[in-house]
Amino acid sequence: MKVDLYEKIWMWASGAMLLAFFGSSAVMAFGGAIHPPSHVETIDPARVLTDPRFSRPGVSVDESGRVHARIVGLMFAWLPAELVVPASTPVTFHITATDVTHGFQIVRTNGQSMVIPGYVSQFTTRFTEPGEYLIVCNEYCGLGHHTMAGKLGVVPQVQWRAPGGERGNQ
Ligand code: CUA
């Protein structure tokens, strides 16, 4: 089959572009540990604050010593607005919304998830660098969208105290 030279150039160029796109996705997925969340858990959006999972939002430690952060997104705030977690420790985030779709993003980290009313988004990550991180809403949710921000403090493990007084034991 005779293929015109220009046709050949475009075929190879398209192939090279596909490889570059797949390659960059793979680099971010494996190198940057960026994955789409796959957890499916539902909740009644009208009863989030009385649901036992979110009646006391914030950081907690379960019986096996794992750290959890429970956060509620609503127009136009994250509840609670400030969290403190230990560095270099897996933290599992559970986030839901009461009203519209929000986007939970911890800037300069791979902690990010869409937050949809009726669902509990979940992801686990660890923060190696202690410091203060900005939490924003990256999904347009209304007139106050740009004011919907929070703060994540990451402190060295030895300085971190589990809320409630017990020491984090990881
Ligand atoms: Cu919440 Cu934008």
What percent does the relative contact order of segment 33-151 come to when contacts are Cα pairs within less than 8 Å and at least six residues apart?
-> 27
Per DSSP, loop GluC sites (Glu not before Pro) in segment 1-67 with at most 15 further Cβ within 10 Å = Glu41, Glu63
Distant-in-sequence amide H partners of Thr98 (H built 1.01 Å from N, under 5 Å) | Gly73
Just order 129-140, 72-83 by mean Cβ neighbour count inside 10 Å, highest at the front, would you?
-> 72-83, 129-140
Share of segment 96-162's accessible area from carbon and sulfur, percent, 1.4 Å?
-> 52
Here, trypsin sites (Lys or Arg not before Pro) of segment 38-112 satisfying both criteria (DSSP loop; at most 11 other Cβ within 10 Å) are Arg108
Rounded to a whole %, the carbon-and-sulfur portion of the accessible area of segment 13-70 at a 1.4 Å probe is 66
Could you calculate the contour length gain from His39 to Lys2, that is, 0.36 nm times the residue separation minus the distance between their Cα atoms, to one decimal place in nm?
-> 8.3 nm
Hey, what number do you get for the chain at 222 nm if only DSSP H runs of n ≥ 4 count, each worth -39500 (n - 2.57), divided across all residues, to the nearest 500?
-> -4500 deg cm²/dmol
To the nearest Å², the heavy-atom accessible area per residue of segment 91-139 with 1.4 Å probe amounts to 42
Report P(r) for the chain: all Cα-Cα distances, bin width 10 Å, range 0 to the bin holding the largest distance, values in whole percent.
-> 10, 32, 29, 14, 7, 6, 2, 0
Can you grab the distance from the C-alpha centre of segment 111-152 to the C-alpha centre of segment 1-51, Å, no decimals?
-> 22
On Cα atoms only, tilt of 5-26 relative to the major axis of the chain in degrees = 20
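The values are calculated or read from the model by the stated rules, or taken from the named source; none is laboratory data. Owing to the predicted nature of the structure, the values given are computational and were not obtained by experimental measurement. Note: ideal-geometry Cβ built from the backbone for every residue, glycine included; neighbour counts use all protein chains shown. Each accessible area value is taken on the protein alone, full model and side chains, heavy atoms only, with ligands, DNA and RNA left out. Shrake-Rupley method; radii C 1.70, N 1.55, O 1.52, S 1.80 Å.
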